[in-house]
Structures are given as structure tokens and as C-alpha cells.
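This report refers to the structure that appears directly beneath it.
Just so it is clear, none of the values below were taken in a lab; they were calculated from the coordinates. What you see is a predicted model; the values in this text were computed from it and never measured. Note that each Cβ is placed from the backbone with ideal geometry, even for glycine, and that neighbours are counted across all protein chains shown.
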2 protein chains.
Amino acid sequence: MNPYWSRRLADVEPYVPGEQPKEGQYIKLNTNENPYPPSPKALAAIAAAAGEGLRLYPAPECGGLCRAIADFYGLTPEEVFVGNGSDEVLAMAFLAFFSPEDRIAFPAVSYSFYPVYARLFDIPYDAVELREDFTLDPSVFRKEHRGIVFANPNAPTGIALPLEEVEQILRAHRDVPVIVDEAYVDFGADSAVGLIGEYPNLLVIQTFSKSRSLAGLRVGFALGQPHMIAALDTVKNSFNSYTLDRLAQAGAAAAMEDQEYFEATRQKIIATRTWSAEALEKLGFTVLPSKTNFLFASHPEASAAALFGALRQRHILVRYFNKPIVDQFLRITVGTDEEMKALLCALEEILGR
Amino acid sequence: MNPYWSRRLADVEPYVPGEQPKEGQYIKLNTNENPYPPSPKALAAIAAAAGEGLRLYPAPECGGLCRAIADFYGLTPEEVFVGNGSDEVLAMAFLAFFSPEDRIAFPAVSYSFYPVYARLFDIPYDAVELREDFTLDPSVFRKEHRGIVFANPNAPTGIALPLEEVEQILRAHRDVPVIVDEAYVDFGADSAVGLIGEYPNLLVIQTFSKSRSLAGLRVGFALGQPHMIAALDTVKNSFNSYTLDRLAQAGAAAAMEDQEYFEATRQKIIATRTWSAEALEKLGFTVLPSKTNFLFASHPEASAAALFGALRQRHILVRYFNKPIVDQFLRITVGTDEEMKALLCALEEILGR
């Protein structure tokens, strides 16, 4: 290895995000962005903050934004932590709750950033198997796991775990931190937020990137009892005092307050998802039951890699993971009705229907 | 300790940033912000980016911004790393270049975030002493130090190390990474950027928060040979794929391109610093020779703590560090001419002149 690099990088394999094409007209269904623009109120708040005041540091504790999130969920600001995207919140949670001495666990088929964090911070882990139907068996986590992370709904499958089973995990592992990554929860799954009062071991992580159309602003957050939030604050204040710039704080707070817009756009996406899944099934696809803004689908007669390439040639980007178990699937973001119609036309053509 | 917290938090003592008053009219000379607004071109670029496009993730590699910085310094984009403020860049550099197995060194009187990073990431360190006059002796770093960090100019003293002595350190420690934190370099010190070609061990870190009036936008950067930048990229892509939002990328690139505005504002600050230092000396202060946008000053007849409190009562915020060696000094940000006149009036009154 390079003699100047830290030895901790020897084992690290960075995460590779989905492609952000720089030019060209693509129908972009590859990174689970929201097809609808951010709330006009969020854009107005950003415009108002984008002036001379940028010469000053932002509020390090992000009080206004924490309050807006707390109000939305009926929590106190002391139960809210915000960060520069839910990826940063997750990274800080790995530092805050897991130690090199203790083995943690997360599903083998899940967000592929989890093992990356674990390796960077030297945290031993078990990647536990899902059932054959891609659902999570709550009893797969064991006593020797001193920390648990899972996404609900899961990515890239889109499958949600019923709230009773989330609670079953929290109850069985009351003495260890359990992180529920709810990046996609607003598209139809049940959030664990209501369990925070009862479970001191619970940390819920969410994002503004999906249901609030603000992937480009980088804001994520965590919800939990104050002692859980304090651990995250300790890490954050030992890493970067000011993780959220003035524009992100202003825009995200306004987006959180615009409940009407949030409701309208997420309902549109759920409706588009419903008919799109049915249409894909009519084309012969197996589509996992999705509670997210994406569909995870495989076709018995066409390889996912080939479909991915053929769609790309037609300027439609979807996500393909060249990894065991999931390499027969495409992950397709739910776009607008028009985008999904274009996708289905292209697939009909490719499949020769 | 809390049973849910990582054991790595046991030793951690977070950094405490300077106060950001939420309301009230203060003359704010406590966090080394620039008294002049950001470049109008930066604000225009932010306004242009603050639209529907925010629903999409930003470019993870921040190509446009890296190019703008590379062009400014006559480097290639492969020699540039950008992050969410220079604090994040520093944190990632500690992860990228230092290991728990190896002792590093930085000056005892310097940016107080260095020991915080070291403790968070379990990196053993020596806090080496400055000379009596607060200058850095280049030979204070020894062979057993497997990494070196220093600020040039130093904070909170404001004193710059001559470039020959920076090079002396780089030459004597060619086999270990040397990080030169140049947050304040644009106010009159010599940058080590010109040494990057010759020294594979050099990493220079700078920020948009001071000389480019964008503390509220959170953008910092590192410059070094491509193998040094690659280490930072590896950490960043194992921590957070998208550290800079779309608005920060657009605004910072435009600020970097507006060289004329940058020159004009930094010259104004240097001019204000010069007369302000002389005026403080006339009031009996000892003022260290500053190459930054702040003055580090002590008074033989008044305690720094008392002066800090008396100024605060008069709605003037400066920074006071209640720590050995520096607790007889005030760190005073260089504001506008009007702000410095108000400060001097207040000090005259307090000192009874």
C-alpha cells in the first residue's frame, strides 16, 4: 500500500453511487430521486437565505431545522439529530454506537454502504441472510450481535418489515443499539418513530432526499431518545461543527413544514408505482412488493445485465447490481407517469412483445 | 458510560465553536468570519442552482468545483479534494493518513480541533510546544512522529512560518504525511501549494470560509499529489458519497473564479488589520504579528477574561480561550473599519484611557 496512507484504508472498499450523467437526455430511474421538484416553499426559503448572510457560519446545532422535524413527528428537538444526508448520519451512527471490540449485524442484501462503514471504522460484522423471498426473519439477529442495522423498507428489494416484527427485534435486543434506516419509509411502510418512547435502544434514520425531493441539498436526520442523540452530537462535534450549511438548514425546515406538498407528491408516486408494477408483471417480470419509490424486478427470459444495457442505449438509466443473489434484478426508480410509460415501451421493444 | 454508546466515545471531548448569537445586535469579531459579503457572482450561481434540479443528487466527484480550484492554483483536478468545510477535510485527512499504531504531532497551541480528531480516531499524539514568542521551531518534530499537522499561519496566534521553514519540515520528514492547514493563508502568508510537485508527503488544506466570505456555505479543500488526494477520496467515498450539495458546489466554484473580488476584499482586511494592530498597541496591548484575519492580543493591566466580558456587555463579541498559555490573550477578528473603530472605542472606555 501507499506508504503515506493510513493502514486502516487497507481493507476499505468505497461505496459506488449510481451514475449522475453530466450531459445528454436521460430518463433517470437509477438513483431513487423524486421525479417531482422540491416544495416551492423550500425553494423560497433557500432563495431568502442565499444572500450576504452566507459570510457567517451557520447555526452549529441546526436548531430551527431540528424543531421543524420534531414538530412534524411530535417529538422534542432533543430527540432529533440532523446531518449532511442520511449517509453522513449513518456514518456517524456507526462511530457513535459500534466499537471495534463488538460484532454487529445487518442483512447481506441491503444498503451496500453498511459494510463500507463497518470496514472504515474497523467494526466486525455479520451479514445475515434474508429468507428466500427476500423478507427479513427477525430472529436472524442473535445475542452475540452488539449492534443491529437494517433498512425498513429494505433496499434494493423495496420490501417492508411489519412494525410488529421491528418491535420484536427491539424487544429481543433491548440492551444493544438498533438502527432502523427508514430512507424510503414515506412511500407506504410503517415508521418505527412511534416506538422511540418505549425503546431506549432505537435510532430511526430518515432523509430529505427521497420523499421531500431534496437529494441535491444533502439533509438527513436521526430520531431517538435524547441519550442516543447525544452520542451522535458527540461524534458530530468531534468531526465537523457545522455539517449543514445555511441554505440546507433553511430549505429543509421549509420542506418539512410543507405537509400538503409532501402528501401530494408521495401519493402520486405511490399511485404510479402501483400501475407500473402491474404493467411490469404483464410483461413477464417478477416484481417484489414495494413500499418504496422503486421497483425491484427480474425477468425469467432476459438477464438483468442485458436489460440494463439495452435500456441505457435507449437513454433510460436504471440500477443494476453485479452481485450475488441480486444480479438477476433491476432496481427501477418510480418516475413520473410519462417516464414509466417510456420505460415500459422500451422494455416491450427490448423483450420483443 | 451510557451502555449504548461506542466505547470510542469514552475519551472524546468535542470541539466547542465560537458563539453564533441568534438575536441581538452584536459586532461579531469572534469566529473569524469575513466582514464583507460573498462575491456577487457566487450568490448569482447559487440562485441559478436553487431550483427544480435540487431533486437530483449532486455530482459526487464535484468535478466543476475541483476544476475551478485547480485552475486557480495551476494544478490538475486530480490534485484537488473538496469537502464540507475544511473541518471535514481535516477529519477525513486524519482518517486517511494516520493510524492508531503511529504517533503523530502538532503544536500544543494551535487549532484545538486537532486533538479532538486524534481522540475520536484513536490516534496517539504529541502536542509539541511552541517557542516562548509563539513561533514554531521546525526541529520540534521528531523522527518518531509518523504524521505532522500544523496551521500556517497558526491559530489562534496569527503567526506565519516562513516558507523555507515549512520546506525544512517537509524535507526532514519526507517519509511521513505532513498536513499544512492554511485556513488563513490568503491574508498575507506564503502558501506551500508551490511545493506540492516536489513533496509527495505534503497535503495543503484551505477553506472558503475566511478569504472568500462563505463560512455559511461550508466548503473546504485539500491540495496534494494525486496519491494523497486518492486517500481522501477513499475515505470520503466510504463515509458519504455526496458531501457537497448542489448549491455549495455552484457557489464555491463561482467564488473561486471571481479573482478580482477576492483580491479586493482580502486587501481591505489586510489594511484594516494593519491600522487596528497599531491602535491596539497604542492602548498598551501586546499584539502578535498577524498574517491572518484576526489579531491575538494581550494587555499587561487587564485580564483577557475581564476584557472579554466587558466587551460582551457592550455587544462586541471576541474570542477568549480559557486554556493555559493563551488565557491572557483575546482573539479579535478583523472586521470592517467601522467595527474596529467601535471595538477600539469600547476598549478605551474599559481601560479608562
Which whole number gives the average count of other chain Cβ atoms within 10 Å of the Cβ atoms across peptide A:243-250? 6
The range A:141-256 - charge dipole about Cα centre, Lys and Arg +1 at Cβ, Asp and Glu -1, debye rounded to 20: 340
What does the highest-first list of A:338-351, B:243-256, A:224-237 look like by mean Cβ count within 10 Å? B:243-256, A:224-237, A:338-351
Quick one: Cα centre-to-centre distance for the range A:28-85 and the range A:151-190, in angstrom? 24
Counting Lys and Arg as +1 and Asp and Glu as -1, each charge on the Cβ, what is the dipole of chain A about the Cα centre in debye, to the nearest 20? 720
Report, by chain and number, residues whose modeled amide H sits under 5 Å from the one on B:L130, excluding near sequence neighbours (fewer than 5 apart, same chain). B:A108, B:V109
Under the rule of at least 5 residues apart or a separate chain, name every residue whose amide H is placed under 5 Å from the amide H of A:A151. A:Y111, A:D181
Using the Karplus curve 6.51 cos²θ - 1.76 cosθ + 1.60 with θ = phi - 60°, work out ³J(HN,Hα) for each residue of the range A:170-175 in order, rounded to whole Hz, and write x for Gly and Pro. 4, 6, 6, 10, 4, 8
Work out the charge dipole of the range B:27-157 with +1 on the Cβ of Lys and Arg and -1 on the Cβ of Asp and Glu about the Cα centre, then indicate which of B:V89, B:A47, B:P77 is farthest towards its positive end. B:A47
In nm, give the distance between the simple-model label positions of B:A10 and A:A230, each being 7 Å from the Cα along the Cα-to-Cβ direction. 1.8
Over chain B: helical MRE at 222 nm, DSSP H runs n ≥ 4 each giving -39500 (n - 2.57), nearest 500: -11000 deg cm²/dmol
Packing-wise, with mean Cβ within 10 Å as the measure, how do B:302-312, A:35-45 rank, highest first? A:35-45, B:302-312
Just grab the label-to-label distance for B:A44 and A:F72, each label 7 Å out from Cα along the Cβ direction, in nm (one decimal). 3.4
So which of B:K41/B:K282; A:K210/B:K210; A:K236/B:K28; A:K22/A:K291; B:K291/B:K341; B:K291/B:K323 end up more than 32 Å apart by C-alpha? B:K41/B:K282; A:K210/B:K210
Mind giving me the nanometre distance, one decimal, between the label points for B:Q328 and A:Y26, set 7 Å out from Cα along Cα→Cβ? 6.2
Residue-wise HN-Hα coupling along the range A:317-330, computed from phi with Karplus coefficients 6.51, -1.76, 1.60 (Hz; x: Gly, Pro): 9, 10, 10, 10, 10, 7, 9, x, 6, 9, 7, 9, 10, 10
